[in-house]
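One structure is given here, and the rest of the page talks about it.
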Amino acid sequence: MDAYILVQQLFNGITLGTIYGLIAVGYTMVYGVIRMINFAHGDVYMVSAYIAAIALAVLTFFGVQSVPFALISVLVITCVITAVYGWAIERVAYRPLRGSTKLAPLISAIGISLMLQSYVQIAQGARDQGVPTLISGAFRFGDGVHFAQITYMQTVILFASLIAMGILTYVINYTRIGRECRAVQQNIRISAVLGVNTDRIISTVFVIGAATAAVGGVLVTFNYGSFNFFIGFVMGIKAFTAAVLGGIGSLPGAVLGGVLLGLTEALFAGYVSTDYKDVFAFALLIVLLFFRPYGLLGRPEIQKV
Amino acid sequence: METNRILTLAKQALLTFTVSLILFAPISGLVLEGFGFRNELVRAVLLAALVAVGRVVLSVVGMTALGRKLAGSAARNGGGVIVMTGNEKSPVLILALLFAAGLALPFFADKYFLGIAILALIYCLLGLGLNIVVGLAGLLDLGFVAFYAVGAYLLALGYQYLGIGFWSALIIAPFLAGLCGMILAFPVLKMHGDYLAIVTLGFGEIIRLVLNNWLEFTGGPNGASVPPPTVLGLEFTRTAKQGGVPLHDYFGIAYSADYKFWFIYLVLFLVVCLVIYAVERLRVMPLGRMWEALREDEIACRSLGVNHVFTKLTAFMLGASTGGLAGVFFAVHQGFVNPTSFTFFESALILAIVVLGGLGSTVGVIAAALVLTILPELLRDFAEYRVLIFGVLMVAMMIWKPRGLVRVRRPAFFPSTAPRGDTAPLSVSPEVAR
């Protein structure tokens with residue numbers, strides 16, 4: 001019987017973890033390029049959840065019945081609009097601050113985070129919102145009383161995340177834009193000298209980060225069905241923990257960190273306490289930054305003067 | 001030439017309008033109602049138009065002479081510091097007047113205004129505390145509210161379990177909060193800007209979640225009640241509940257619920273003055289100078305022999321102590337504490353006070369604390385826009401004047417042999433001093 005609970009928690013942990021990984025990509029890429037934590041990233045994810053619900057409502061209004069078509073169109077619409085959010089945030093709040101004091105971009109990011117939360121709260125109301133269940137049902141293992149199940153929606157999450165990660169890996173490794181991103185990550189000044197339009201690449205990174213967060217946002221929204229204007233905060237810290245766990249700046253690290261965090265958190269929630277699972281994640285973050293700030297796949301950064 | 005410029009402006013406006021329309025259309029334009037939506041697209045289009053017009057106005061202003069001057073002052077990053085020559089008139093008279101006015105305030109204010117004044121002073125205290133950490137030492141602490149919570153819960157739980165009263169809490173709180181600050185500071189000592197910010201954020205949330213979930217000890221979301229203050233065994237309640245004598249009976253005057261607030265205000269005011277004095281002294285002491293030096297360049301400081309562990313630790317502990325003090329006053333003023341008072345929003349609000357006051361400037365922080373607490377009370381109709389405006393102000397402030405609105409004044413050193421007054425100070429120019 002216990003084995004089924006364990007398997008169940010592992011399933012849940014992996015699905016949750018891939019979502020953490022998707023959102024962690026935004027942190028990791030932005031950090032890799034401009035060495036700054038984008039505090040507003042969690043709120044970009046929150047905005048994407050609202051856009052997904054609104055897009056679904058509009059599609060239903062126009063009489064779209066087919067579930068796969070609705071899901072895919074919602075995904076595409078949300079990604080595009082959220083990407084514009086990512087672009088605009090970088091353009092308005094971070095670009096004017098290049099070369100300013102160390103604290104300036106961080107404080108500006110917190111400002112953006114507050115703005116997004118309060119904007120959504122004012123425009124959409126403070127109450128919890130929801131989406132209808134699109135895909136119900138599950139694969140079950142075990143007998144009638146003791147069983148572990150993986151819902152169809154969780155399967156969709158796994159596949160969609162895999163596809164998103166695949167596309168991302170392709171873009172970063174095999175396209176011109178990806179090559180430029182990697183160059184800027186290694187050394188922003190030299191890339192500028194060699195003719196890379198660094199401002200454009202930084203914008204691109206924000207766009208990619210926002211779009212992957214949007215994939216996560218859509219999937220979470222359809223999985224849990226409810227959300228509010230405050231979800232970005234906790235999700236943001238957890239995704240950041242995932243990014244640090246895997247080594248900030250490393251793309252595979254973000255995914256690995258996400259899955260690891262998801263698994264440990266699910267096991268903690270299953271066996272120790274659900275009330276304290278957020279405390280566990282935050283404490284993990286503090287311990288991690290103390291003992292291994294460069295994560296599992298990262299390299300320690302040597303500061304030169 | 002002119003047409004060219006107008007064409008550029010038009011292009012700019014169109015681009016801004018399109019982008020903002022994409023941003024605003026889903027969130028402002030289509031409001032979720034159950035699984036359906038309500039059409040508010042007009043609102044979104046108006047917002048987008050507003051943003052586009054704003055952008056064009058900014059560009060046009062940027063072309064005029066005044067605009068160039070403003071942009072120039074932004075580019076200079078706030079212009080550095082004013083180095084005092086040593087000939088300034090001492091502001092003792094003004095300070096004494098302000099002090100007297102502050103002491104006299106409760107006799108002229110009604111209960112409602114006094115409540116706001118107490119709140120404003122509490123935020124002054126919080127701002128001053130965070131200013132040590134963020135403004136002076138340059139360590140971005142996003143979990144400052146945790147120390148505030150420690151102070152507030154010390155009084156509430158200390159009374160419940162140990163029978164601690166207001167005065168004992170007032171003395172213990174700075175030490176307890178300072179201890180928490182030290183516990184937090186040790187792991188973050190070797191971290192820099194971003195990591196430090198996120199760790200302190202996590203710490204603040206852990207404290208809040210524990211307060212929220214540990215039902216048996218803290219009362220969880222229901223909170224805990226706080227005893228009313230006493231002074232020398234005199235109580236402010238109508239009938240004595242804590243084994244003392246009611247104040248109005250002792251002096252033979254009529255009972256009024258206001259006495260309690262007068263008392264809280266006066267003690268708080270004195271504590272704020274004391275903290276301001278301490279911070280101002282610290283700034284010109286070696287410790288304060290080390291904080292500011294560390295903020296500017298840690299590596300340089302360490303190679304010059306500044307003990308960065310000690311410096312950061314003291315900044316964290318002194319900041320935390322001040323936060324703990326503020327917590328005690330908050331608890332005694334509210335008469336009740338629960339975890340919803342200690343969310344990240346509160347931390348962000350305190351940070352907004354420090355940022356808008358101009359990182360590091362005591363006068364600025366006090367002004368910002370007063371403005372940011374009194375203004376929302378006056379503009380009750382715009383209460384829901386409060387956080388939005390804070391966010392916008394934080395971003396605008398960082399773009400326009402990342403060093404703050406108030407210029408930092410700094411005393412100059414004089415060679416001890418030279419007669420005062422007729423020699424130039426040793427600091428050569430503001431740029432060098434910065």
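We did not get these values from a lab; they are worked out from the coordinates using the rules stated. Note that the structure is predicted; figures quoted are calculated from it, not measured. Glycine gets a Cβ as well: all are built from the backbone with ideal geometry, and neighbour counts include every protein chain shown.
Taking 19 Å as the straight-line reach from the Cα of residue B:260, the lysines in range (excluding those fewer than 8 positions away in the same chain) are B:111, B:241. Phi-derived couplings, Karplus 6.51 cos²θ - 1.76 cosθ + 1.60 at θ = phi - 60°, listed residue by residue for region B:327-338: x, 4, 5, 4, 4, 6, 6, 6, x, 6, 10, 8 Hz, with x used for Gly and Pro. One chain, two ends: residue A:291 and residue A:3. Fully extended at 0.36 nm per residue, the span grows by 100.4 nm beyond their Cα-Cα distance.
Phi angles of region A:226-239 translate, via the Karplus equation with coefficients 6.51, -1.76, 1.60 and θ = phi - 60°, into HN-Hα couplings of 9, 7, 9, 6, 9, 5, x, 5, 5, 4, x, 5, 5, 5 Hz per residue; Gly and Pro are given as x.
In summary, the lysines within cross-link reach of residue B:190, defined as a Cα separation below 20 angstrom excluding same-chain residues under 8 places away, comprise A:102, A:304, B:312. Remark: mean inter-chain Cβ contacts per residue of B:196-205 equal 6, using a 10 Å Cβ-Cβ cutoff to other protein chain atoms.
Simple point charges give the picture: +1 on the Cβ of Lys and Arg, -1 on the Cβ of Asp and Glu, and for region B:99-405 a dipole about the Cα centre of about 360 debye.
Distance from the alpha carbon centroid of region B:171-205 to that of region A:91-133 works out to 25 angstrom.
The angle between the Cα long axis of helix A:103-124 and the longest principal axis of the Cα atoms of chain A comes to about 40 degrees, rounded to the nearest 10. Taking the DSSP beta bridges with both ends in the protein assembly as shown, the antiparallel portion is around 75 percent.
With respect to chain A, whose longest principal axis is taken over its alpha-carbon atoms, helix A:67-89 is tilted by about 30°. Centre-to-centre, using Cα atoms only, region A:11-57 and region B:1-27 are separated by 29 Å.
Taking other Cβ within 10 Å of each residue's Cβ, how do B:262, B:214 sort, fewest first? Numbers along the way, then the final one.
Numbers: B:262 17, B:214 13.
Least to most surrounded, the residues fall as B:214, B:262.
Residue B:381 to residue B:303: extension gain in nm, 0.36 nm per residue of separation minus the Cα-Cα distance?
On the way: separation 78, 0.36 × 78 = 28.08 nm, distance 5.39 nm.
That pair, residue B:381 and residue B:303, stretches by 22.7 nm at full extension.
Each Lys and Arg contributes +1 and each Asp and Glu -1, all at the Cβ; summed about the Cα centre of the protein assembly as shown, the dipole is approximately 2100 debye. Between residue A:155 and residue B:182, the simple spin-label model (points 7 angstrom out along Cα→Cβ) gives 5.8 nm.
What is the calculated FRET efficiency for residue A:274 to residue A:65, with r their C-beta to C-beta distance and R₀ = 51 Å, to the nearest 0.05? Before the final figure, lay out the partial values.
Working: r = 37 Å, r/R0 = 0.73.
That gives a FRET efficiency of 0.85.
Need one word for region B:2-63: rounded, prolate or oblate. Basis is the Cα gyration tensor (sqrt eigenvalues a ≥ b ≥ c); a/c below 1.5 gives rounded, then a/b vs b/c decides. List each step's numbers first, then the result.
Values: a/c = 4.52, a/b = 3.36, b/c = 1.35.
Here region B:2-63 falls in the prolate category.
The mean number of Cβ atoms from other chains found within 10 Å of a Cβ in peptide B:336-348 is 2, as a whole number. Computed from the C-beta positions of residue B:225 and residue A:174 and an R0 of 56 Å, the FRET efficiency is 0.30 to the nearest 0.05.
If packing is taken as the mean number of other Cβ atoms within 10 Å per residue, what is the order of A:65-78, A:133-146, B:336-349, highest first? Working shown, then result.
Details: A:65-78: 15.7, A:133-146: 11.6, B:336-349: 20.6.
Going by the mean number of other Cβ atoms within 10 Å, highest first, we get B:336-349, A:65-78, A:133-146.
With the simple spin-label model, which puts each label point 7 Å out from Cα in the Cβ direction, the residue B:46 to residue B:167 separation comes to 5.9 nm.
Considering every residue in A:118-128, what mean count of other chain Cβ atoms within 10 Å of its Cβ is obtained? That works out to 5 on average. Between 0 and 90 degrees, rounded to the nearest ten: what's the tilt of helix A:251-271 against the longest Cα principal axis of chain A? For helix A:251-271, the angle is close to 40 degrees.
The charge dipole of region A:81-219, taken about its Cα centre with unit charges on the Cβ of Lys, Arg, Asp and Glu (plus for the first two, minus for the last two), comes to roughly 540 debye. So for region B:99-405, taking the charge dipole from beta-carbon charges (+1 Lys/Arg, -1 Asp/Glu), which of B:198, B:229, B:358 sits furthest toward the positive end? Among B:198, B:229, B:358, the one farthest towards the positive end of the dipole of region B:99-405 is B:358. Amide H contacts of residue A:138 (H built 1.01 Å from N, in plane; Pro and chain starts excluded): A:152 sit under 5 Å, all sequence-distant by 5 or more or on other chains.
Ranking request for peptides B:284-291, B:163-170, B:386-393, B:50-57: highest mean number of other beta-carbon atoms within 10 Å first, then the rest in descending order.
Working: B:284-291: 16.6, B:163-170: 18.2, B:386-393: 19.9, B:50-57: 15.0.
Going from most to least packed, we get B:386-393, B:163-170, B:284-291, B:50-57.
The orientation-averaged projection of the convex hull spanning the C-alpha atoms of the protein assembly as shown amounts to 39.1 square nanometres.
Label point of residue B:215 set 7 angstrom out along Cα-Cβ; within region A:260-284, amide nitrogens under 20 Å from it belong to A:269-280.
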